[in-house]
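Visitor: This is the structure I have questions about; it appears just below.
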Amino acid sequence: MSRTILVVAEAKGGVLRQVSYEAIGAARTAAGDGGTVAAVIMGSDVTRLAGDLAVYGADCIYSVDHSALTHYHPEAYFAALQAVMQEVRPDGVFFGHTAWGKDLAPQLAAALGAGQISDVISMDTDDSGELLFTRPIYAGKAMEKKKFMSTPWIVTIRPNNIPPLAAEAGRTAPVTAVAYPEPPLAAVIREVVQNTAGKMDLSEAKVIVSGGRGVRSAEGFKPLEELADVLGGAVGASRGACDAAYCDYALQIGQTGKVVTPELYIACGISGAIQHLAGMSQSRVIIAINKDPEAPIFQVADYGIVGDLFEVVPLLTEQFKQA
Ligand code: FAD
């Protein structure tokens, strides 16, 4: 079956987010043989990013490029997206399961009366060729497979789970400029104050070194930061560490924090409460460092180190520096 699928690409700091490429990968599967993968990019000075979307597999690109879209604004972006929907009329739409996606996707689903499946981590097909979408439920303790009964449908995908297509240097695609509809806005954004805690976006980091109450102080996070730097990763935290004011809540991972799926998650001085596991148990490889051999985190860890994190973490940093 061939379908037309629209990917809502996302740019941050002037570059496309990795999840946009992953969404194109998902869209290619959903489009089927002979199907079309369209991508939309919205923002200010974003048309120049269209080439990257083509290189990663988009067949055609729609750009809504306007100064009113400099900062993410729910009403402005939704109006821009609706203008593109009129042109493309897709069978399905993919968003990243990001702050943007979580905001825009349900608006679109409600406006279309469409079904939405959120936080999808993989896709396959049933015997009749219908698309099946898999998503974690019950804080990651179980998986459910869902399918849509009608079109158009809306899906958000969890970053770091669906592989992007291989980049094809020199691949091009037609770019259509869509006029920003200039809707009346109930609010305007004057300024965006960036939270500077954490150098890297946790949801897209390939490596996360995370600290818990066992880190004991803000100063105690320093060795974790050094390890993360050596590995090219980001620093995360348990709520225990955030509540104790050792770090900013922007770093919190778990049920009420960020959900992450890095290739490597190193949990340092984290007990492994169910609410923390909800945010990281889908990580590809988990290493736990804890001085309590009975700590529940060891039940989900692929590798466990029973020991004092203040001895183990600097040793790991030294070893990785030499590697
Ligand atoms: P602790 O449970 O105190 O564990 C500290 C660990 O450090 C211990 O296992 C100890 O053995 C080890 N340790 C101590 N010193 C060292 C050392 N020197 N070297 C090595 N190991 C050492 N929690 C989250 O993380 N994320 C969430 O999103 C979240 N949401 C929640 C939502 C709700 C509604 C509720 C009720 C709770 C939530 N929590 C969440 C809190 C959660 O239940 C735990 O309280 C919290 O995860 C514990 O943090 P922790 O593991 O850092 O601390």
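Visitor: Going through ASP292, ASP308 one at a time, which residue ends up being near the ligand (Cβ under 7 Å from one of its atoms), open to solvent by less than 60 Å² (accessible area, probe 1.4 Å) and modelled with pLDDT of 95 or more?
Guide: Checking each option against the conditions leaves just ASP308.
Visitor: When only residues in segment 87-107 that are surrounded by fewer than 20 Cβ atoms within 10 Å (Cβ to Cβ) and over 16 Å from VAL37 (Cα atoms) count, which is modelled with the lowest pLDDT?
Guide: ALA99
Visitor: Just to be sure before I move on: is ALA323 modelled with pLDDT under 95 and over 26 Å from the mean Cα position of the chain (by Cα) in the structure I sent?
Guide: yes
Visitor: Next question. Consider segment 232-244. How many of its residues are in a helix (DSSP H, G or I) and crowded, with 20+ Cβ neighbours inside 10 Å? Before the answer, list the steps.
Guide: First, the residues of segment 232-244 that are in a helix (DSSP H, G or I): 239-243.
Going one step further and asking which of them are crowded, with 20+ Cβ neighbours inside 10 Å, we end up with 239-242.
Qualifying residue count for the region: 4.
Visitor: Follow-up. Would you confirm whether or not segment 180-190 contains a residue that is surrounded by fewer than 14 Cβ atoms within 10 Å (Cβ to Cβ), within 28 Å of SER281 (Cα to Cα), at pLDDT below 95 and not charged (D, E, K, R)?
Guide: The answer is no, given that none of the residues of segment 180-190 is surrounded by fewer than 14 Cβ atoms within 10 Å (Cβ to Cβ), within 28 Å of SER281 (Cα to Cα), at pLDDT below 95 and not charged (D, E, K, R).
Visitor: Go through the residues of segment 245-264 one by one and say whether even a single one is over 18 Å from ALA301 (Cα atoms), away from the ligand (no atom under 14 Å from the Cβ) and open to solvent by less than 60 Å² (accessible area, probe 1.4 Å).
Guide: The answer is no, given that none of the residues of segment 245-264 is over 18 Å from ALA301 (Cα atoms), away from the ligand (no atom under 14 Å from the Cβ) and open to solvent by less than 60 Å² (accessible area, probe 1.4 Å).
Visitor: Then there is this: For residues in segment 265-274 being surrounded by 17 or more Cβ atoms within 10 Å (Cβ to Cβ) and either at pLDDT below 95 or among the β-branched types (Val, Ile, Thr) (or both), which is farthest from the ligand (Cβ to nearest atom)?
Guide: In this case the residue turns out to be ILE266.
Visitor: Looking at segment 230-257, I want the residues that are on the phi > 0 side of the Ramachandran plot and have a partner that is open to solvent by 40 Å² or more (accessible area, probe 1.4 Å) and more than 11 Å from the ligand (Cβ to nearest atom) with Cβ atoms under 9 Å, at least 6 apart or on another chain. Which pairs are those?
Guide: GLY232/MET200; GLY232/LYS206; ALA245/ALA218
Visitor: Still on this structure: Run SER203 past the list (1) of a type in the set (Gly, Ala, Ser); (2) at pLDDT below 95; (3) in a loop (DSSP other than H, G, I, E, B) and report the number of the one that doesn't hold.
Guide: (3)
The values are calculated or read from the model by the stated rules, or taken from the named source; none is laboratory data. Treat the numbers as computed from the prediction; the structure is a model and nothing was measured. Neighbour counts run over all protein chains shown; Cβ positions are idealised from the backbone, glycine included. For accessibility, only protein heavy atoms count, side chains too; no ligands or nucleic acids. Shrake-Rupley method; radii C 1.70, N 1.55, O 1.52, S 1.80 Å.
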